[in-house]
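Taking it in order: structure first as structure tokens, then the write-up.
The values are calculated or read from the model by the stated rules, or taken from the named source; none is laboratory data. Remember, predicted model here, so these are calculated numbers, not experimental data. Here the Cβ positions follow ideal geometry from the backbone for every residue, glycine too, while neighbour counts run over all protein chains shown.
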Amino acid sequence: MSLNWFDFTNFPARVETLQRLHRAVTETSDVRWRTKAPEDVVKWEEAVERWKDYSGWGDEKFYVFESDSFLTALAAGEADAKECAITFLEYDCYYFRSGYMKAKLLTRLKHLDLTQAETRRLQKVVCNAILSTRPKSEFGYYARLLQNIGTPLLRRRIESLLVPDIPWIKARQSRCLQEVYWRNQKKRRATAPQKR
């Protein structure tokens, strides 16, 4: 699937290649610092160049979601930018700086008017983030998104998730339940008739 901002064709395989290239940078860096040999420095520099060429570091290829132009379009609520951001979150790929990008996207999406379809997709994204076995430093942003998309139905869905016995996943579930609860409390207070 290709959108104006990003081409998602074969995205998971491309991310896998990006991860492999980044691992090579890390591994050659470790060797370079241990041996301090000139040939190891050259191997590290070559690995860095391969990763930069593939990732488009500085050219916004895999990092378009951090660019000012994309974030401005998303904040303005442009349909194509919203679609791109939601699709990126649905893939939930993990690579260098992807957590920071997800946090920025979630922050922007929290402030937008979303269609019912977009809301449902993002609710599924949050449920998948709760169940992810990967530690997610950006998880607080997923939880805060619930201020915009939380519903009583989503609360029941989060409660019914089959959460494995992993402490941080249980904590994620609890955090999201609290966010939905407080969102619904605020909504009730706002719509309740005022007593005189």
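Annotations
- Any chance TRP44 is assigned to a helix (DSSP H, G or I), exposed (fewer than 12 other Cβ atoms within 10 Å of the Cβ) and either among the hydrophobic types (A, V, I, L, M, F, W, C) or not assigned by TED's automatic domain parsing to the domain that holds LEU74 (or both): no
- For ARG32, the test of being more than 14 Å from the chain's Cα centre (by Cα) and among the charged types (D, E, K, R) is passed.
- Condition met for LYS124 (of a type in the set (Lys, Arg), under 19 Å from LEU154 (Cβ atoms) and under 14 Å from the mean Cα position of the chain (by Cα)): yes
- Of all residues in region 144-179 being out of contact with any helix residue (DSSP H, G or I) (no Cβ under 7 Å at 6 or more places or on another chain) and of a type in the set (S, T, N, Q), the one that is surrounded by the most Cβ atoms within 10 Å (Cβ to Cβ): THR151
- Criterion violated by SER98 - all others in (1) crowded, with 18+ Cβ neighbours inside 10 Å; (2) at pLDDT 90 or above satisfied: (2)
- Residue, farthest from ALA171 (Cα to Cα), within region 134-143, restricted to residues that are surrounded by 17 or more Cβ atoms within 10 Å (Cβ to Cβ) and not hydroxyl-bearing (Ser, Thr, Tyr): GLU138
- Residue match in region 62-77 (condition: surrounded by fewer than 18 Cβ atoms within 10 Å (Cβ to Cβ) and within 26 Å of TRP182 (Cα to Cα)): yes
- Set side by side, the residues ARG23, ARG32, ARG50 differ, and just one is of a type outside the set (Ser, Thr, Tyr) and crowded, with 17+ Cβ neighbours inside 10 Å, which is ARG32.
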